[in-house]
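Have a look at the structure below, then the notes.
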Amino acid sequence: MSGVNAGGIQNVNLDRPKGRVLFVGTSYYNGRHLSRELRKLGWKADTLSFAGSGEEQYEPDFLLNRGGLINWLTTLKFYLYAIKHYDIFHFSGAHNLTLLDRRNRCWDTKLLKLLGKKIVYSTNGCLDGVSQSSFRKWLPEPVCDSCKWRDVPSVCSDDKNLQWGKLRNEVADYQIILGGNRVDYNDDSKVHEVPEFYCLDPHLWDPGLLVPSNYRLSYEPGTIKILHAVGDFYSRSDISTKKNIKSTHIYLPVIERLKQEGYKVELLFFHDVPSKQFRYFQAQADIVVDMLTFGFFGANIREAMMLAKPAVCFLRPEWLESMKTEIPEYVKELPIVNATPQTIYQVLKELVEHPEKRREIGLRGRDFAIKWHSAQAGARKFDHIYTDLLGK
């Protein structure tokens, strides 16, 4: 177990904080940024990650190792420390609701509940509480048909996804989702649309971001740069066709068609670039594009909006309608440019031809992101959520 990271001294009275929350798994950087803003509101808020998860880059306050008896005993020591020092345990990501249970039955988290601790959980993507069979029913084009993991039951299957959803719903007191995929175990009274959890630091993703010289891209003046990115590209894609749920296989021929028709466009394609560096490339893009069959968007689009870039993806009408129940303003104000595989050519052509439209959408995106996805907005929201959970 590492000590407290160089993340700064908490701005709280440690003797009498409003409450004490530990983020287990930082969900990209969301937990990191949220914890720092919660501290300013009087909370003791820390982050914990496990080595090898990829979340070390977000500077967790505590970093543990998995595997082997020594590491397990170190984690047990931290678990006993955490029982004493935290009231709320906020987990994130599928199959992440445990500190000690190697078989992932979550007995240690159930014990936390028996001890009066509150368990909060943030969902993550299509593997989280929804069967593959249910997910692929969404029309017009089943996203599962583009997914390399469709036929890999160790990653995704009806049984695996539903077993996890059942366990998750039994353990968590409050669950967070964004995207309206409310079927199977996501159709539950404890699951809530809370966009503010998926938050960013507006200062890190600032439209005036200074790009270091070694990250600057060199293109002819007037070139419209369309950015597309895929995390875990090789494991998630059919490399021969570039087919994946991020729609790389759709964007490649569309961009080529625009170029053949004389439009001065270039595709900026990136994969597996850490977010702290990736923002330098996002800042140089004119348009950011994402999934065309999934039904919603992720971190890349939230970051693009915060950087005042026009963002394109498919917004599933049924999901938007479902989201209106809890967050109607969010749906009404959402500045994403909606597109499908059938309309993406025309959508991009329109944006390429009209720079003033790109600028207007980008500015609305920045305002939207600050309102709904800034760390400050997240802290205000969770100040209320956590306080209610603790019955204060």
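The values are calculated or read from the model by the stated rules, or taken from the named source; none is laboratory data. Fair warning: this is a prediction, and the values are worked out from it, not measured in the lab. Virtual Cβ from ideal backbone geometry, glycine too; neighbours counted across all protein chains shown. Please note that ligands, DNA and RNA were not included when accessible areas were found on the heavy atoms of the full protein model with its side chains. Shrake-Rupley method; radii C 1.70, N 1.55, O 1.52, S 1.80 Å.
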* So which pairs qualify, if the first residue must be in the stretch 307-331 and under 16 Å from residue 371 (Cβ atoms), the second must be in a helix (DSSP H, G or I) and among the aromatic types (Phe, Trp, Tyr), the Cβ gap must be under 9 Å, and the two must be at least 6 apart or on different chains? -> 323/330; 327/372; 329/372; 330/368; 330/372
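Could you list, in sequence order, all residues of the stretch 248-282 that are assigned to a loop (DSSP other than H, G, I, E, B) and either at pLDDT below 95 or among the acidic types (Asp, Glu) (or both)? Steps first, please.
Of the stretch 248-282, the ones assigned to a loop (DSSP other than H, G, I, E, B) are 261-264, 272-274.
If the condition is that a residue be assigned to a loop (DSSP other than H, G, I, E, B) and either at pLDDT below 95 or among the acidic types (Asp, Glu) (or both), then 261, 272, 273, 274 are the ones that fit.
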* Mind checking which pairs have a first residue in the stretch 172-198 that is at positive phi and touching a residue at least 40 places away in the same chain (Cβ under 8 Å) and a second that is of a type in the set (Phe, Trp, Tyr) and open to solvent by 10 Å² or more (accessible area, probe 1.4 Å), Cβ under 9 Å, 6 or more apart or different chains? -> 179/294; 179/297
* Single residue of the stretch 162-219 satisfying the filter (under 15 Å from the mean Cα position of the chain (by Cα), of a type in the set (Asp, Glu) and closer than 19 Å to residue 91 by Cβ) that is surrounded by the most Cβ atoms within 10 Å (Cβ to Cβ) -> 196
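Each row is one residue, and each column tells you yes or no for (1) acidic (Asp, Glu); (2) out of contact with any helix residue (DSSP H, G or I) (no Cβ under 9 Å at 6 or more places or on another chain); (3) open to solvent by 60 Å² or more (accessible area, probe 1.4 Å); (4) more than 16 Å from residue 297 (Cβ to Cβ).
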position: 327; (1), (2), (3), (4): no, no, no, no
position: 336; (1), (2), (3), (4): no, no, no, no
position: 352; (1), (2), (3), (4): no, no, no, yes
position: 357; (1), (2), (3), (4): no, no, yes, yes
position: 361; (1), (2), (3), (4): no, no, no, no
position: 365; (1), (2), (3), (4): no, no, no, no
position: 375; (1), (2), (3), (4): no, no, no, yes
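Could you count how many residues in the stretch 341-350 are open to solvent by 30 Å² or more (accessible area, probe 1.4 Å) and within 25 Å of the chain's Cα centre (by Cα)?
Initially, the stretch 341-350 is screened for residues open to solvent by 30 Å² or more (accessible area, probe 1.4 Å), giving 341-343, 345-346, 349-350.
Filter again for within 25 Å of the chain's Cα centre (by Cα), leaving 341.
Of the residues in that region, 1 qualify.
Would the stretch 327-335 turn up any residue that is of a type in the set (Val, Ile, Thr), under 28 Å from residue 216 (Cα atoms) and at pLDDT 95 or above?
Applying the first criterion (of a type in the set (Val, Ile, Thr)) to the stretch 327-335 yields 327, 331.
Those still in the list that are under 28 Å from residue 216 (Cα atoms) too: none.
Taking every residue of the stretch 327-335 in turn, none turns out to be of a type in the set (Val, Ile, Thr), under 28 Å from residue 216 (Cα atoms) and at pLDDT 95 or above.
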* Looking at this structure, is residue 82 of a type in the set (Gly, Ala, Ser) and modelled with pLDDT under 95? -> no
* Asked: Which of the residues spanning the stretch 63-92 are without any contact (Cβ under 8 Å) to a residue 60 or more places away in the chain and within 13 Å of residue 109 (Cα to Cα)?
  -> 76, 79, 80, 83
* Report, by residue number, each residue of the stretch 110-143 that is farther than 19 Å from residue 291 by Cβ, crowded, with 20+ Cβ neighbours inside 10 Å and among the hydrophobic types (A, V, I, L, M, F, W, C). => 112, 119, 120
* Which condition number in (1) in a loop (DSSP other than H, G, I, E, B); (2) open to solvent by 60 Å² or more (accessible area, probe 1.4 Å) is the one that residue 234 fails? -> (1)
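Step by step: first the residues of the stretch 310-322, then only those that are within 15 Å of residue 361 (Cβ to Cβ) and in contact with a Leu (Cβ under 8 Å, 6 or more places away or on another chain), then the one that is surrounded by the fewest Cβ atoms within 10 Å (Cβ to Cβ). Which residue is that? Full working, then the answer.
Step one: filter the stretch 310-322 for residues within 15 Å of residue 361 (Cβ to Cβ), giving 310-313, 315.
Next cut, in contact with a Leu (Cβ under 8 Å, 6 or more places away or on another chain) only: 310, 312-313, 315.
On the way: 310: 24, 312: 25, 313: 26, 315: 20.
Within the stretch 310-322, the match that is surrounded by the fewest Cβ atoms within 10 Å (Cβ to Cβ) is 315.
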